[in-house]
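Here, each number is a calculation from the coordinates, and none is a lab measurement. Worth saying up front: this structure is predicted, and the values here are computed from it rather than measured. Don't worry about glycine lacking a Cβ; one is built from the backbone with ideal geometry, like all the others, and counts go over all protein chains shown.
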Amino acid sequence: MFVIKRLFLFLLLTGLYACGGGSSTDTKTTPTDTPQTQPEPEPNPEQEQEQEQEPEQEPEAEPVVVEGNETFTILLDSDAIKIYEIGNCGDTPGSNTSHRVYIDSSNTINGDIWNWVDNAAAAWDGISKANTAYAISRTSNANDANCSNVATYNHILVKKLGDWTNQHANGFWVTSKSDETIGQLGTVIFDMYYDSANTILPSAAAIEAAYGAGMTGDQLAAWEDSLFRLDIRVDGVEETSDNGSIYKAAYNLALTPDYADKWLRIEIPLTSFEFIRSVGYDNFTSDQATVGTKSLRAIGFVAETKNRLVYRNYDQQGFSEETTAKLFKEIGLRIKRFEITPAE
């Protein structure tokens, strides 16, 4: 009996050991960093071959309440541009009274507006919608369900890819609120929504199929990247004593699909803009000091390509409006507010 008990005890202990009493190797997984691209530099019209990189996607930070009930989560944080996702989107309380508010529910689009889309004309073959869809409204024309039914300006802006005639099919300007120079402007603050449902961006394959025979691979890469691109232009008054020159600051805002279907706050200091002297259709590089002395005339908004050119710029000798493929870049956006801080 004693032997049986000892045998039973031995078997019991053996079973317990097998069920969990032995040592094991604890495997640890070391997290790896997600590859990130660098912030995208702005295109220079005189350097068509220069490659750009897509905007960097920064890690999310904790939301910070900065105005009313709205929260702002940082998506991109750099010296050149900051992008936040707006939470609890709604009416924005009055800004610092020193800010120049150009667009909101009370400040309408007061400058030039245009829409050249004509569905009956061959030049617009392939445009996705009726011309009325591209009309520019001077007043807020929608109550946005994604922003507490706040009144917003909803537009679809169009850029021709083939021909430079009416290449900016539609767009708008807001005029200066006071007698000030461009150099007195500090930082653009822009609340907008990237509307993917109304955005059509021809793919790289479609662009190459349409225009690749007349362009090199490097030219195609420098010209267009199939991103949502909104060009913001700050124009000075025409300088009649300088061959009709117009000095301007311009920022070609590029957004990847990660930013789609979100209300965004975008902050861009004037120092991040390009500085340009335009004479007719020719653009020349200028500098902030020179442009900053010019009286502000208006701020414009148009859809744009990566380097602001069209196919015809690359094939001026062989270009034919009748036979050249017609592709259009359409960007859907909603605007809640556009303002500029004073320079420090």
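Long-range amide H contacts for Ile127: which residues qualify at under 5 Å (H placed 1.01 Å from N, peptide plane, sequence gap of 5 or more or a different chain)?
none
Between Thr97 and Ala204, how many nm apart are label points set 7 Å from Cα along the C-beta direction?
Once both label points are built, they end up 5.3 nm from each other.
When the Karplus curve 6.51 cos²θ - 1.76 cosθ + 1.60 is applied with θ = phi - 60°, which whole-Hz ³J(HN,Hα) does each residue of the stretch 215-226 get, with x for Gly and Pro?
Running phi through 6.51 cos²θ - 1.76 cosθ + 1.60 with θ = phi - 60° gives 9, 7, x, 5, 5, 4, 5, 6, 7, 8, 10, 6 Hz.
Mind ordering 216-224, 276-284 by average Cβ neighbours within 10 Å, highest first? Walk me through the intermediate numbers first.
Values: 216-224: 17.2, 276-284: 14.4.
Ranking the peptides 216-224, 276-284 by packing returns 216-224, 276-284.
Once the piece of chain linking Glu180 and Asn119 is laid out straight, how much longer is it, given 0.36 nm per residue of separation minus the C-alpha distance between them? Please report the intermediate quantities before stating the final value.
Working: separation 61, 0.36 × 61 = 21.96 nm, distance 4.07 nm.
Stretched fully, the Glu180-Asn119 segment lengthens by 17.9 nm.
Please turn the phi angles of the stretch 69-76 into ³J(HN,Hα) values with the Karplus equation 6.51 cos²θ - 1.76 cosθ + 1.60 (θ = phi - 60°), one per residue in order, whole Hz, x for glycine and proline.
Ordered by residue, 3J(HN,Hα) equals 8, 6, 10, 10, 9, 5, 10, 9 Hz.
Whole-Hz Karplus ³J(HN,Hα) for the stretch 150-158, in order, using 6.51 cos²θ - 1.76 cosθ + 1.60 and θ = phi - 60°, x for Gly and Pro?
Karplus values, whole Hz, x for Gly and Pro: 5, 5, 10, 9, 10, 9, 10, 9, 10.
At a Förster radius of 30 Å, what calculated FRET efficiency corresponds to the Cβ-Cβ distance of Asn149 and Asn107, to the nearest 0.05? Display every interim value, and only then the final one.
Values: r = 19 Å, r/R0 = 0.64.
Taking R0 as 30 Å, the efficiency between Asn149 and Asn107 is 0.95.
Extension gain Glu344-Thr165, at 0.36 nm per residue separation less the Cα-Cα distance, in nm?
On the way: separation 179, 0.36 × 179 = 64.44 nm, distance 4.01 nm.
Taking 0.36 nm per residue and subtracting the Cα distance, the gain is 60.4 nm.
Any idea what the dipole of the stretch 57-342 comes to, in debye rounded to 20, about its Cα centre with Lys/Arg Cβ at +1 and Asp/Glu Cβ at -1? Show your work: numbers first, answer last.
Values: 23 positive and 40 negative charges, 110 e Å.
It comes to approximately 520 debye.
Report, ordered by chain and residue number, the lysines lying within cross-link reach of Lys177, taken as a straight Cα distance under 16 Å and ignoring same-chain residues fewer than 8 apart.
Answer for Lys177, where 16 Å is the Cα cut-off: Lys294, listed by chain and number.
Excluding same-chain residues fewer than 8 positions from Lys160, which lysines have a Cα within less than 27 Å of its Cα?
Lys129, Lys248, Lys262, Lys306, Lys326, Lys329, Lys336
Taking the Cβ-Cβ separation of Ala289 and Thr73 as r and a Förster radius of 45 Å, what is the calculated FRET efficiency to the nearest 0.05?
Numbers: r = 36 Å, r/R0 = 0.80.
After rounding to 0.05, the efficiency reads 0.80.
Enumerate the residues in the stretch 144-183 having an amide nitrogen under 15 Å from the point lying 7 Å beyond the Cα of Val237 toward its Cβ.
175-183
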